[in-house]
Amino acid sequence: MLHILFSHAAKATFTQAFQETIIPFSGEVLVFEPYLQLGSLVDERNRMKELSVIFGIKAGKKERGALLKQFQQQVVKIQESVNRGHEITFWVGEEAADEIAMMYLIDELDSVNQATSLSLNRVRGPLLVRELPPERLEAHFLPIELSSDAIRQLQLTWNELKKEESDLRIRRADFIYDHLDYSYYDSKLLMLMDENGGTLVAKLVGEIYGREPHLPFPFFLWRIMVLVEMNTIEWVEEMEDAMMSKVMIRK
């Protein structure tokens with residue numbers, strides 16, 4: 001059995017559960033986390049360039065190309081499992097990132113309509129897949145085999161999704177999304193800032209991430225940097241570590 005996760009943060013939980021035989025099954029765990037809730041779904045190279053800025057990583061064309069190649073190699077590995085008739089389970093939480101990455105994989109795989117070994121294991125509730133403790137995996141393991149009709153519908157949804165030009169895709173319901181600009185959360189960040197005096201960046205990022213955990217933590221730090229560049233907010237105390245800096249709304 002191949003378990004596909006869409007969050008690197010979840011892998012440690014699954015590895016521990018398998019090692020301790022807490023749950024009555026085992027298998028290989030593969031993480032595929034392309035952050036498809038961010039950036040263009042058509043121009044992959046441009047999206048990788050944007051992600052390097054969002055995550056604050058100095059990645060040139062060569063490094064971004066290497067990462068794209070890594071994603072392609074993962075698709076090949078999953079294809080080989082499909083060809084060998086292995087059972088594949090997608091662990092999908094209630095996040096756009098999980099759903100969109102799964103649809104991308106299904107669309108990339110050849111002859112997937114003939115496969116009878118693809119299953120969707122939906123993790124419901126306030127817990128994200130990455131937040132499940134090892135001892136709770138079994139309770140959340142209720143996979144449903146994807147029929148050929150279901151697979152075709154997911155492929156159609158993916159192709160329709162690619163037509164939407166947006167920076168952000170936020171899940172509203174199962175495979176239904178709001179399409180937003182990167183700036184959507186800027187006003188929410190400003191509302192969290194102290195009216196009198198500066199606000200510690202770490203506190204600001206932590207608070208909004210606690211409310212919006214479906215987006216990567218660095219995304220909100222990047223938006224603060226953008227707001228500073230736009231002269232919407234300004235540094236009160238600028239430290240080498242941006243998280244330890246303080247900002248305030250420019251008056």
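Below, the figures for the structure above:
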item: Loop-located GluC sites (Glu not before Pro) in region 1-97 whose Cβ has at most 13 other Cβ within 10 Å (DSSP); result: E20
item: In nm, spacing of pseudo-spin labels at K58 and E195 (7 Å Cα→C-beta vector); result: 4.2
item: Solvent exposure of the chain as accessible area per residue, Å², 1.4 Å probe; result: 52
item: Label-point gap, in nm, between K77 and E28 - each point 7 angstrom along Cα→Cβ; result: 0.7
item: Of the DSSP H helices in the chain, those whose Cα atoms cover at least 24 Å axially and whose Kyte score averages -1.0 or more; result: 61-83
item: Accessible area (Å², 1.4 Å probe, nearest 10) - K246; result: 70
item: Of all accessible heavy-atom area on the chain, the percent that carbon and sulfur account for (1.4 Å); result: 50
item: Whichever lysines have a C-alpha closer than 23 Å to that of K49, once near sequence neighbours (fewer than 8 apart) are set aside; result: K58, K61, K62, K69, K162, K163
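The values are calculated or read from the model by the stated rules, or taken from the named source; none is laboratory data. This one's a predicted model, so the numbers in the text were calculated from it and none came from an experiment. Note that each Cβ is placed from the backbone with ideal geometry, even for glycine, and that neighbours are counted across all protein chains shown. The protein model used for the area step is the full one, side chains on, heavy atoms only, and it has no ligands, DNA or RNA in it. Shrake-Rupley method; radii C 1.70, N 1.55, O 1.52, S 1.80 Å.
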